[in-house]
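The block underneath contains the structure these notes are about, expressed in C-alpha coordinates.
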Amino acid sequence: MRAAGLKSVEQCEVRSTDRGEFYFAVLNQPGRATEEVLPELVVAAMTALSWPKSMRYPGSSLRWVRPLNSIVGLFDGAV
(Lines give C-alpha, C1' and ligand atoms only; values in the text may rest on other atoms or scores of the structure.)
Protein backbone atom coordinates (compact mmCIF):
# COMPACT_ATOMS: atom_id res chain seq x y z
CA MET A 1 0.00 0.00 0.00
CA ARG A 2 2.81 2.37 0.81
CA ALA A 3 4.39 1.85 -2.62
CA ALA A 4 1.03 2.68 -4.24
CA GLY A 5 0.73 5.85 -2.16
CA LEU A 6 -2.24 4.66 -0.10
CA LYS A 7 -2.56 5.39 3.60
CA SER A 8 -5.30 2.95 4.52
CA VAL A 9 -7.15 -0.06 3.16
CA GLU A 10 -10.29 2.09 2.85
CA GLN A 11 -8.68 3.76 -0.17
CA CYS A 12 -8.67 0.42 -2.03
CA GLU A 13 -11.41 -1.01 -4.20
CA VAL A 14 -12.94 -4.22 -2.87
CA ARG A 15 -14.11 -7.03 -5.12
CA SER A 16 -15.81 -10.12 -3.79
CA THR A 17 -15.55 -13.52 -5.44
CA ASP A 18 -16.44 -17.03 -4.42
CA ARG A 19 -12.89 -17.30 -3.03
CA GLY A 20 -13.14 -14.21 -0.81
CA GLU A 21 -12.60 -10.48 -0.92
CA PHE A 22 -9.75 -8.91 -2.83
CA TYR A 23 -8.44 -5.37 -2.43
CA PHE A 24 -7.10 -3.36 -5.36
CA ALA A 25 -5.25 -0.07 -5.51
CA VAL A 26 -6.45 1.88 -8.53
CA LEU A 27 -3.82 4.32 -9.75
CA ASN A 28 -4.47 6.91 -12.44
CA GLN A 29 -1.30 8.24 -14.01
CA PRO A 30 -1.56 10.70 -16.87
CA GLY A 31 0.40 9.66 -19.92
CA ARG A 32 1.76 11.31 -23.02
CA ALA A 33 0.43 11.18 -26.54
CA THR A 34 1.53 8.15 -28.57
CA GLU A 35 2.89 10.41 -31.32
CA GLU A 36 5.22 11.95 -28.74
CA VAL A 37 6.41 8.68 -27.14
CA LEU A 38 6.67 6.37 -30.15
CA PRO A 39 9.76 7.94 -31.81
CA GLU A 40 11.66 7.76 -28.52
CA LEU A 41 10.74 4.10 -28.06
CA VAL A 42 11.73 3.10 -31.60
CA VAL A 43 15.12 4.80 -31.38
CA ALA A 44 15.77 3.35 -27.91
CA ALA A 45 14.86 -0.15 -29.11
CA MET A 46 17.07 0.08 -32.19
CA THR A 47 20.08 1.39 -30.28
CA ALA A 48 19.69 -1.18 -27.49
CA LEU A 49 19.95 -4.15 -29.87
CA SER A 50 23.41 -5.41 -30.68
CA TRP A 51 23.90 -6.62 -34.23
CA PRO A 52 26.69 -9.09 -35.12
CA LYS A 53 27.16 -7.34 -38.46
CA SER A 54 25.89 -3.81 -38.51
CA MET A 55 25.92 -0.92 -40.91
CA ARG A 56 25.18 2.78 -40.96
CA TYR A 57 24.66 5.30 -43.68
CA PRO A 58 26.71 8.49 -43.93
CA GLY A 59 25.11 11.31 -42.03
CA SER A 60 23.61 9.01 -39.40
CA SER A 61 25.12 7.49 -36.28
CA LEU A 62 22.33 4.91 -35.99
CA ARG A 63 23.55 1.35 -36.60
CA TRP A 64 21.34 -1.55 -37.66
CA VAL A 65 21.53 -5.08 -39.02
CA ARG A 66 22.70 -5.45 -42.57
CA PRO A 67 21.63 -5.77 -45.36
CA LEU A 68 18.60 -3.74 -44.23
CA ASN A 69 17.81 -1.16 -46.89
CA SER A 70 14.91 0.77 -45.40
CA ILE A 71 12.31 0.86 -42.67
CA VAL A 72 8.85 2.35 -42.89
CA GLY A 73 6.86 2.94 -39.72
CA LEU A 74 3.12 3.58 -39.76
CA PHE A 75 0.98 4.90 -36.94
CA ASP A 76 -2.70 5.57 -37.47
CA GLY A 77 -2.20 5.41 -41.24
CA ALA A 78 0.59 8.01 -41.31
CA VAL A 79 4.30 7.43 -41.94
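The values are calculated or read from the model by the stated rules, or taken from the named source; none is laboratory data. Keep in mind that what you see is a predicted model, and the values were worked out from it rather than measured. A quick note on method: Cβ atoms are made from the backbone with ideal geometry, for glycine too, and the neighbour counts reach across all protein chains shown. To get the accessible areas, we keep the full protein, side chains included, count just its heavy atoms, and leave off ligands, DNA and RNA. Shrake-Rupley method; radii C 1.70, N 1.55, O 1.52, S 1.80 Å.
Side notes on the structure shown:
- Residue match in the stretch 17-29 (condition: under 22 Å from the mean Cα position of the chain (by Cα), outside any helix (DSSP H, G or I) and surrounded by 10 or more Cβ atoms within 10 Å (Cβ to Cβ)): yes
- Tally of residues being closer than 30 Å to residue 33 by Cβ and modelled with pLDDT of 80 or more across the stretch 54-79: 9
- Qualifying residues in the stretch 33-48 (those that are more than 11 Å from the chain's Cα centre (by Cα) and free of Cβ contacts under 8 Å to residues at least 12 places away in the same chain) - the one farthest from residue 66 (Cα to Cα): 33
- Verdict on residue 7 being closer than 21 Å to residue 70 by Cβ, of a type outside the set (Val, Ile, Thr) and open to solvent by 80 Å² or more (accessible area, probe 1.4 Å): no
- The stretch 30-51: number of residues that are part of a loop (DSSP other than H, G, I, E, B), at pLDDT below 85 and open to solvent by less than 90 Å² (accessible area, probe 1.4 Å): 1
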